[in-house]
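Enquirer: This is the structure I have questions about; it appears just below.
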Amino acid sequence: MARKFVLAAAGVGALCAVVVLSVPKVEFLMGGAMVNLGYRLQDGLHDYDFEHHEITPEQVWNELRAQNELASSVRARFPRYSDHPVVAMLVCMDARIDTNELTGDTRHNTYIVRTAGSVISPVEADMLELAVNNGVKLLLLTRHTDCAAERVAADQTARGQYPSLAAAVEQREAKVREFLARPAVAAKVASGQLLVKEMLVDTATTHLDPLPPPR
């Protein structure tokens with residue numbers, strides 16, 4: 001671990017030296033690299049993973065609050081970017097899908113709507129249309145590999161336990177078509193003001209690929 005930390009620190013030092021050039025593109029890339037460094041440094045620290053301990057719900061809450069106090073104190077000293085994003089994404093609630101890594105942007109500069117299985121109900125459709133009306137130019141409708149919600153829809157026993165989720169996954173494509181047919185959304189697409197992409201996220205790498213055609 002010590003050797004990994006030294007190598008990581010050396011990498012950060014080299015990047016910092018480059019940023020002295022004040023090239024915006026380099027600064028952007030460095031920000032992404034530093035966030036990824038943070039992920040890599042934290043990934044193996046299982047002492048901080050709630051699921052690896054016998055721990056009560058109250059202890060989980062207390063630890064989460066303590067972590068929030070620390071993190072929010074940093075943000076209070078360094079206010080974040082707050083303009084309206086031009087990208088909106090529909091993403092599964094699966095915690096493995098990290099939208100920061102997916103976009104390579106540490107600023108959370110996207111509207112994110114997360115649901116199990118990336119399903120759309122009227123509420124999510126309204127949220128996405130509101131984002132479009134707020135100036136979004138790119139809308140990514142994503143699904144991902146190894147999706148638990150899709151497994152529920154494909155398993156008869158699980159369907160009996162989660163009937164609403166299974167039905168929503170089955171109706172997903174129809175609901176997307178309904179959303180895209182909404183007058184405000186369709187008009188933006190037709191005029192070239194909005195681009196809609198349906199993409200499949202590789203859960204292991206967050207790489208985006210075109211969504212396969214329906215079978």
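Enquirer: Restricting to the range 181-215, give me the number of residues that are farther than 23 Å from T99 by Cα and not small (G, A, S).
Expert: 9
Enquirer: Pick out the one residue from T103, T142 that is in the same structural domain as S191 (by TED's automatic domain parsing) and modelled with pLDDT under 95.
Expert: Exactly one residue qualifies, and that residue is T103.
Enquirer: Anything in the range 132-179 that is among the aromatic types (F, W, Y) and either at positive phi or free of Cβ contacts under 8 Å to residues at least 12 places away in the same chain (or both)? List them, or say none.
Expert: Correct list: Y162 only.
Enquirer: Has the range 176-188 got at least one residue that is more than 20 Å from V119 (Cβ to Cβ) and surrounded by 13 or more Cβ atoms within 10 Å (Cβ to Cβ)?
Expert: yes
Enquirer: Residues A190, A184, A204: which one is small (G, A, S) and either in contact with a strand residue (DSSP E or B) (Cβ under 8 Å, 6 or more places away or on another chain) or within 19 Å of E124 (Cα to Cα) (or both)?
Expert: Being small (G, A, S) and either in contact with a strand residue (DSSP E or B) (Cβ under 8 Å, 6 or more places away or on another chain) or within 19 Å of E124 (Cα to Cα) (or both) holds for just one of A190, A184, A204, which is A184.
Enquirer: For the range 176-204, which residues satisfy the criterion of being over 21 Å from the mean Cα position of the chain (by Cα), within 27 Å of T145 (Cβ to Cβ) and of a type outside the set (A, V, I, L, M, F, W, C)?
Expert: Residues satisfying the conditions are R177, E178.
Enquirer: So which residues in the range 180-201 are touching a Leu at 6+ places or on another chain (Cβ under 8 Å) and in contact (Cβ under 8 Å) with a residue 24 or more places away in the chain, if there are any at all?
Expert: Passing the criteria: V185, K188, L194, L195, V196, K197, E198, M199, L200, V201.
The values are calculated or read from the model by the stated rules, or taken from the named source; none is laboratory data. Model, not experiment: these values are computed from the prediction. Glycine gets a Cβ as well: all are built from the backbone with ideal geometry, and neighbour counts include every protein chain shown.
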